[in-house]
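Reading through the structure tokens given below for one structure.
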Amino acid sequence: MRSKGGAKGKPPKKAGDQKPRQPRQKTPQGKDILFILDIGTRSVIGVAGRVRDEMLEVLCVESAEHSQRAVVDGQIEDIEQTAKIAGLVKDRMEQKLNISFQEVHVAAAGRVLKTGRVSCEMELDDQKSIGAKELAALESMGVQRAYQDLIANLSEGDPIDFCSVGHTIVGYQLDGYSFSTLTGHRGKLAGIDLIATFLPSEVVESLYTTMSMLGLTIASMTLEPIAAMNAVVPRELRLLNIALVDVGAGTSDIAVADKGSVCGYTMATVAGDEITERLMQEYLIDFETAERMKFAASAGEPSFEYADVLGFPYTVSREEILERIRPTVEDLAEQIARGILSVNNDPPKAVFMVGGGSRTPELCQRVAAALGIEENKVAIGGNNYMKRQITAEAQYLSAEYATPIGIAVTAMATGGGENFSVTLNGSRLQLLGKAMTVMEALRRGGFQYGQIMGRSGKSVVLEYNGARRIVRGGLPTLAEIRVNGELAGLSTLLQAGDQIAFLPASDGEDAAPTIQSLADPWAPFEVELFGQITEAGTRAWLNGIPADGDQLVVQGDQVQVKQIDTLGELLRSMGFSGWEEGLVINGKPADTPDQKLVPGDVISLGLDTPAPKAEIPPPPPKPVPDRPQPERPALGVVLNGQPYSLPPKEDGSWYQLFDLLNFVDIDPSNPKGEIVVTRNGVTASYLEPLQNGDQVDIHWAEER
């Protein structure tokens, strides 16, 4: 019999037995997918679309409002907060589409917009047809010319660094004749007439930094009114003198078209927030309540219920709301009209209003009155012309989405930004008007100066035999830069379409000197002195303590190195001054204290050796000033069964076994075999440092 709920012969599965579902692996963003983020004053809107048959198919739209005022007048001020909200929109869209986005298209806005119109020419090879590369180079030349003109005409107090955020082509010329496009044509001299727009570099850099925090590369950047114009006003309508106004929360961006092309851009630093703030003042309400009141009036709701900041409830009619905000709406309309007339000497034939603020009650009528044109010549833009080039749900073919949808349309029309960009290790970087060098491209691509230039390894400063010495770190391995396969430098100027291959520099190794590497020469050897194996030749001390040659030296260390090559030098170093006469080396009397020592020498006392002279051993090196030796307590040792308390040395150095020779009764004129030295029951060297509590024996061998 089949078990209920399970396969034949198997028990039914319990809910807890099921394996948790693994998250789907996201598909990387392909070249056919466009991802757009519109960073607005009030919210962030994301759009994802696919290009099909020269139409933009909108796949997904998401939005999220800023929880704080992170964007003011269209300019990012709180980068982290903006990145947080933009990241939320990005994550939602990636989950819905199961796509991992790497590239993004954006639009810029800001309080300080500069525009420039220029004409320039470029010589051509008349044997070759004009293609995308030649047109990109011509556009790049025009934008750079506009940038140079802008910098030359800056007023006192203007920002000193600007970046291009978009440009539009007014027209082309070929050998003196006007053309709407030059693609496929041949000629000797190509000309271009364009309008370039610029914003302070801080505005642009804030966008780049925000996107970088999301792991996104900006594939293209445009200006918000350019994007809105491309979505709402098709090219055939630009033969007419038409103005487009994108009324956002913080700014009202304006573009004007005439005779087939866009002929000017400007912006007004007033927009929907002014209406909201007026309602806050009139009704003593917070910003969010004022926003809801404004939207209710825009939607035609007859009344609105609210509570003021004191908690008292009220109901207000739509008519009263309109009456209260009318002066502010009139002021907004006046400033929009002045902006239009500043780039268009006469009133335009028609005005399209887009953006969330375009639906402010009575705004269209007030703009028409301010311009002196008929009311029906100012209208909300959107559905009529957007649907000619966009496939999307009806709600997105509206004035509120003109800018984000327009960013996608602009990217689609310009090939996703490929024609006005360079690639760095496979990632695209948009040219920003001024002539870009390899160094600027590397910095914009996220490389740090250390990766570009490399750094030398850290040096070590020490004291060597009383003198200051610096051991330098290693030199860096230089970066390798190639542009279009050819070796290039950091100052190489880039052109649209260039491909940069960059191999970062490697830092030099930090200095790690050893005592042996500092000494010249380093030739230690061993001899036998009074029955003990003792070091001779090169001897070293590190901070007053005997050290080996392979010991590392660090910042501030004090190193002392001595050459002990003669019998006299050895005896003095061991504290046996005065014993130079009458000693035996390898069974033969020593000729002189200057007798050279060789490895393996055996030095012993002669039968007629006089009593030693009382002489203090040479002091160890002084401590390094910036690394003072800690003050030490008295040292307690037991010497030949008798306790001793040794006070700290004045120079702060350590006691060593040879220091105890002053406390024992050894008469070298009456030798009694070898001198035996032990510490804690183990045969020891005179050079060993003493420790508190050590038990030391120093005696003639025959005495025990």
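Some values worked out for this structure:
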read-out	value
Under the Debye formula (equal points on every Cα, no solvent term), log10 I(q)/I(0) of the chain at q = 0.06, 0.10 Å⁻¹	-0.60, -0.96
Dipole magnitude (debye, nearest 20) for the chain, charges at Cβ of Lys, Arg, Asp, Glu	3380
Sequence ranges 330-336, 401-407, ranked by mean other-Cβ count within 10 angstrom, highest first	401-407, 330-336
Lys/Arg +1, Asp/Glu -1 at C-beta; the chain dipole; positive extreme among G248, L59, V329	L59
Debye, to nearest 20: dipole size of region 213-309, +1 on Lys, Arg Cβ, -1 on Asp, Glu Cβ	640
Local electrostatic count at E205 - Lys and Arg +1, Asp and Glu -1, tallied over other residues with Cβ under 11 Å	0
Rounded accessible area of D53 (nearest 10 Å², 1.4 Å probe)	150
Local electrostatic count, Y385, Cβ distance below 14 Å [Lys/Arg +1, Asp/Glu -1]	+3
Where S180, S456 fall by accessible area, highest first, once all protein chains stay in place (1.4 Å)	S180, S456
Heavy-atom accessible area order for M221, M439, largest first, 1.4 Å probe	M439, M221
Sum of -39500 (n - 2.57) over DSSP H runs of 4+, divided by residues of the chain (222 nm, nearest 500)	-7000 deg cm²/dmol
29 Å Cα-Cα threshold exceeded, pairs from K84/K387; K31/K259; K133/K387; K84/K458; K562/K649	K84/K387; K31/K259; K133/K387; K84/K458
Ordering of 128-135, 356-363 by burial proxy (mean other Cβ atoms within 10 Å per residue, highest first)	356-363, 128-135
Helix runs (DSSP H) in the chain reaching 15 Å along axis by Cα, Kyte-Doolittle at least -1.0	79-97, 132-152, 201-213, 287-298, 318-343, 402-413
Shape category assigned to region 44-181 from the gyration tensor of Cα positions, a/c cut at 1.5	oblate
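The values are calculated or read from the model by the stated rules, or taken from the named source; none is laboratory data. All of these numbers come straight from a predicted model, not from anything done at the bench. A quick note on method: Cβ atoms are made from the backbone with ideal geometry, for glycine too, and the neighbour counts reach across all protein chains shown. Protein only, heavy atoms only, side chains kept; ligands, DNA and RNA dropped before computing areas. Shrake-Rupley method; radii C 1.70, N 1.55, O 1.52, S 1.80 Å.
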